[in-house]
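Asks: Structure below; questions to follow.
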Amino acid sequence: MKYKFSVTLLFICCCFVYADAQNIPLTVLTKKSNADSVTNTSVQLYSLPDTVLINTQLVKTSGNKFNVSKFSKYILRISAIGYETIEKNVSITDRPVSLQFILQKRSTAMKAVTVTSRKPLVKQEDDKSVIDVEPIAASSSNAFEVLEKTPGAIVDQDGNVYLNSSSPATIQINGREVKLSAADLSSLLKSLPAGSISKIEIIRSPSAKYDASSSGGIVNIVLKKGVKLGSNGSLNVGYFQGVYSTKFAGFTINKSADKISTYLSYQFTDRNNYEALNSKRIIPLDNSTLAQTAYTTYPALNHYIGAGIDAELSKKFSIAYDGRFTSNDSRSDALNKINISNNVTQQSNGSNQSIIKNSGTSIYFGNNFSTRYKIDSIGSEWTMQFDYNYYKNGNEQLYNNYYYLPADPALLGNGNSNNRKNIFTAQTDLVWKMKKKFTLEAGFKTTVSASHNAADYFYKKGSTALQVDSFQTNTFKYREAITSSYMQLAKTFAGFNIKPGIRMEITDINGRQLVPKDTSLAIQRTDFFPYLYIRHRLAKLFGFELNGNAIYRRSISRPYYEALNPYPKYVDQYLFDVGNPSLRPQFTTNYEFNVIADDFPIFSIGVNHTKDIFSNVTYQDDVTKIAYRTYDNLGTNKELYLRFVGGIPPGGKYFFYAGALFNSNEYNGIYQNLPLSYKRGSWSFFTYQQFKASSTLTFSINGFMRTGGLQNFYELKNFGSLNCSINKKIMDGKGTLVLSGNDILGTNKVEFALNQGNVKASGNRMNDTRKIGLTFRYSFGIKPKEEKKAMFEQPAESN
């Protein structure tokens, strides 16, 4: 029934968009500050959000006229030799627009450039928010810290990122999902330099163009590539000190010659961190409490190399290659103390200690080959992309368990685990600008991910001989193939921008455990995911153009490799991580409404309905006192979320951005064979503020606070982080010194409580987040020669 409703809705929307929108005039009058002739001055018009050049004209003394669509956005670019180039964002409503500009003479002195306007920190492009990370990256040591400071994104201590809902967001790098666990992904992002990020795109309700496995939204980290600015580059070096230190240094070189652009980037990072964990867990069988104190350090050495080439073979066809390589040598040293006491007498009846050492090496190799063919001059194009990603992780673990009360011989264990992943992706997309202002998007994609995990564990107790640990020794193979296709149609008529779409995905998952016993799992299914986006002008308030958009979509969350792998992974003597091969996919239906003021999202309200929701759960064996962290399908979840954002637009000396997010979750289902009925609300607050004291001195502050949080049924108390930085330009603007402090109040400490099933636990976790750092960046380069012939090119025909 739902599929019939979705198809009917899609058909109705497609029928509606066949009405044509009338064009209205945009008039541009251009003068020069010294009354010179405007001859040889050009004005170009680009469409948004895709920044496609749609018209070029030579400036006329009587003014230039363009025919533009109602309720649309454009960029005007006016340029002349010897004069400063003007760029202006233009918002079109349903009335004619007339603009006037005065070109200023360009100064011949090559000194520091004074920027008269700034890019907004957050802007809305169609159905995604784009974050300008430049001011955030200046006070961060790696890409993971940039993500932590991104307004509106909540990053937990395990590396999961949350946008609106209780489901983690899908993380992409350059538009490609990185199919790694949260821990492995965190390690990868910590090896990426902060300065390598161009922007972060937040897509809370992805369209049919994107993978349907994005119930929690998408966070796309877009890395910088070579740009056509002649030969240029930058050097960076930084030092951060908390309890432990982090040091990094690197460089980026870009080179552009004619129609070929290349870049090379390298970064080295020497970082250390710690985690302090204190917890108490009730054992109801003997009415005792297991109290744990653990302190772990995480030293690591990272190398990152990025390189790419972009070649424009003709005016219509270009090819590009982008490659990334990271290596990570890491260790962890943990001291874990356990005391078991009687709840009535308070006397200790158990005391032991565990020393756990891990030594691991991981490498990540990512390749992307892409082509782009421009079909016409109004934005139609055909693109193809081929990706190959390889990830390898090897780890050696040694642990010694010492038993003091009751006294018992020590248990010594060791193990080696190796994990390999090969991920292949092929994708093609078509954007076709049709007659009567229709835009058709369609594409096909296939992704194959193959994983292999093998672990060999041994143990000995006291003076006994070394034995195979059959509980942890395992071999597990996994293959996931997702094949998809989509189509969506966009059209503006009667003031409405409507984009319906539908996506089909075929899932083929196979897993097999070979050791210790031959077991297998399989998921094969075909699903359809409808999507509908509607945008309309609401009103004009205090000089701001208010627009509203409504979104409907359906999505899926598939259990990933680590969640399905049934082998137990040793954490400490009373805690194991284990997968669940019986997990089923969960499906979410999302309804969302947004209000946007001049490309600035200010209000959102949405509802998520999820069935077969799977979540991280904790089960406890009361006899052995061992807890198992695993995953299970629990039932249904209904979530309501509200988001409020406000601030002062950038451009002046002071700019601020602040927002609040409210989430209300209601679960109904089964937990440990008992009925589950649970409801919880939480608030998250975030802000970014900047004061430009002079053209070379800037002060910034950003932070977040979360109250009454919920993470996989762990109830979290209030916590947050406040960060600040001072940015000073030196050496005629080529050098930048940044003094920054992260978590300056030391409030990023998470207190938690778990009261589900037979597990009742509480405690707190703290990491080395309170740090002060100094970063130096130096930019160098040779500016390319100005091309004069562009001013005399034949103007494109007017719309």
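The values are calculated or read from the model by the stated rules, or taken from the named source; none is laboratory data. Fair warning: this is a prediction, and the values are worked out from it, not measured in the lab. Ideal geometry is used to build each Cβ from the backbone, glycine not excepted, and the neighbour counts take in all protein chains shown. The protein model used for the area step is the full one, side chains on, heavy atoms only, and it has no ligands, DNA or RNA in it. Shrake-Rupley method; radii C 1.70, N 1.55, O 1.52, S 1.80 Å.
Asks: At a Förster radius of 30 Å, what calculated FRET efficiency corresponds to the Cβ-Cβ distance of T27 and K315, to the nearest 0.05?
Replies: Working: r = 30 Å, r/R0 = 0.98.
The calculated FRET efficiency here is 0.50.
Asks: Rounded to whole Å and ordered largest first, report the semi-axes of the equivalent ellipsoid of region 447-595 derived from its Cα gyration tensor (root of 5λ).
Replies: 50, 20, 10
Asks: For region 256-407, calculate the relative contact order in percent as a whole number, restricting contacts to Cα pairs under 8 Å that are 6 or more residues apart. Don't jump to the answer; show the numbers that get you there.
Replies: Numbers: 377 pairs, mean separation 30.8, N = 152.
The value is 20 percent.
Asks: Distance between the C-alpha centers of region 134-164 and region 394-438? Whole Å please.
Replies: Their Cα centres are 21 Å away from one another.
Asks: Over all directions, average the projected area of the Cα convex hull of region 480-545 and note it in nm². Walk me through the numbers before you get to the answer.
Replies: Details: hull surface 32.3 nm².
Its Cα hull, projected and averaged over all orientations, spans 8.1 nm².
Asks: With the other protein chains left in place, how much accessible area per residue, in square angstrom, belongs to the chain at a 1.4 angstrom probe?
Replies: Values: 36790 Å² over 799 residues.
Roughly 46 Å² per residue, with all protein chains present.
Asks: Another question, then. Treating only the Cβ of Lys, Arg, Asp and Glu as charged (+1, +1, -1, -1), what charge dipole size does the chain show about its Cα centre? Round to the nearest 20 debye. It would help to have the intermediate numbers written out before the result.
Replies: Values: 92 positive and 64 negative charges, 439 e Å.
Charge dipole of the chain: 2100 debye, to the nearest 20.
Asks: Also, I was wondering about something else. Students often check this: by mean Cβ neighbours within 10 Å, which of 209-222, 399-412 ranks highest, and how do the rest follow? Please list the in-between numbers first.
Replies: On the way: 209-222: 22.8, 399-412: 15.0.
Highest to lowest by the protection proxy: 209-222, 399-412.
Asks: Quick one: which of 372-383, 167-178, 413-424 comes out on top by average Cβ neighbours within 10 Å, and what's the full order, highest first?
Replies: On the way: 372-383: 16.0, 167-178: 20.9, 413-424: 17.8.
Sorting 372-383, 167-178, 413-424 by mean packing, highest first, produces 167-178, 413-424, 372-383.
Asks: Also: By how many nm would the segment from K717 to T371 grow when fully extended, if each residue of separation counts as 0.36 nm and the alpha-carbon distance is taken off? List each step's numbers first, then the result.
Replies: Values: separation 346, 0.36 × 346 = 124.56 nm, distance 4.93 nm.
Here the answer is 119.6 nm.
Asks: Mind giving me the nanometre distance, one decimal, between the label points for S351 and F496, set 7 Å out from Cα along Cα→Cβ?
Replies: The answer from the label model is 7.4 nm.
Asks: Can I ask one more? Counting other C-beta atoms within 10 Å, and keeping those with at most 15, which DSSP coil trypsin sites (Lys or Arg not before Pro) do you find in region 460-523? Each step should come with its number before you reach the end.
Replies: Numbers: sites: K460, K461, K477, R479, K491, R503, R512, K517; in loops: K517.
Here the sparse-neighbourhood loop sites are K517.
Asks: I've got another one for you. Between region 716-769 and region 538-591, how far is it from one alpha carbon centroid to the other, in angstrom?
Replies: A separation of 24 Å, based on Cα centres.
Asks: Projecting each Cα onto the charge dipole of the chain (Lys/Arg +1, Asp/Glu -1 at the beta carbon, about the Cα centre), which of I78, C724, A658 comes out farthest on the positive side?
Replies: Of I78, C724, A658, it is I78.
Asks: Next question, about the same structure. Using +1 at the C-beta of Lys and Arg and -1 at the C-beta of Asp and Glu, which of G379, F365, I355 has the Cα lying farthest in the positive direction of the dipole of region 331-447?
Replies: G379
Asks: If you don't mind, another one. How far apart, in nanometres, would the label points at E751 and L739 be if each is projected 7 angstrom from Cα along the Cα-to-Cβ direction?
Replies: 3.4 nm
Asks: Over the chain, with every protein chain in place, what whole percent of the accessible area is carbon and sulfur at 1.4 Å, could you tell me?
Replies: Numbers: 21440 of 36790 Å².
Taking all protein chains in place, the chain shows 58 percent carbon and sulfur surface.
Asks: If the only charges are +1 at each Lys and Arg Cβ and -1 at each Asp and Glu Cβ, what is the size of the charge dipole of region 646-789 around the Cα centre, to the nearest 20 debye?
Replies: On the way: 19 positive and 8 negative charges, 121 e Å.
With only Lys, Arg, Asp and Glu charged at Cβ, the dipole is about 580 debye.
Asks: Under the 0.36 nm per residue contour assumption, what length would be gained going from the current alpha-carbon distance of N287 and F593 to full extension?
Replies: Details: separation 306, 0.36 × 306 = 110.16 nm, distance 5.03 nm.
The span from N287 to F593 would gain 105.1 nm if fully extended.
Asks: Counting Lys and Arg as +1 and Asp and Glu as -1, what is the net charge of the other residues whose Cβ lies under 12 Å from the Cβ of K477? Numbers along the way, then the final one.
Replies: Details: positive: R420, K421, R479, R512; negative: E480, D518.
Here the charged neighbours net out to +2.
Asks: Quick one: net charge around S314, please, counting Lys, Arg +1 and Asp, Glu -1 for every other residue with C-beta under 10 Å from its C-beta.
Replies: Numbers: positive: K259, K315, K316, K374; negative: E312.
Residues close to S314 contribute a combined charge of +3.
Asks: Between (i) 39, 32, 29; (ii) 43, 35, 26; (iii) 50, 30, 25, which matches semi-axes √(5λ) of the Cα gyration tensor in Å calculated for the structure shown?
Replies: The listed entry that was calculated here is (iii).
Asks: Sort 425-437, 761-773 by the packing proxy (mean of other Cβ within 10 Å over each peptide's residues), most packed first.
Replies: Details: 425-437: 15.5, 761-773: 19.0.
So the peptides 425-437, 761-773, ranked by packing, come out 761-773, 425-437.
Asks: What's the local net charge at E145, with K and R +1, D and E -1, over the other residues with C-beta under 11 Å away?
Replies: Working: positive: K149, K190, R271, K771; negative: E148, D743.
After counting each charged neighbour, the total is +2.
Asks: Quick one: which residues, 5 or more positions from N580 or on another chain, have an amide H under 5 Å from its amide H? H modelled 1.01 Å from N in the peptide plane, none for Pro or chain starts.
Replies: Here the answer is L564, N565, Y631, since their amide H atoms fall under 5 Å of that of N580.
Asks: Next question, about the same structure. Extending each Cα 7 Å along its Cβ direction at K638 and K477, get the distance between those two points in nm, one decimal.
Replies: Rounded to a tenth, the inter-label distance reads 4.6 nm.
Asks: Relative to the present Cα-Cα distance, how much length would full extension add between I670 and D429 at 0.36 nm per residue of separation?
Replies: 82.5 nm
Asks: Ok, one more. Using the alpha-carbon atoms, what tilt in degrees (0 to 90, nearest 10) does helix 2-16 show relative to the longest principal axis of the chain?
Replies: 10 degrees
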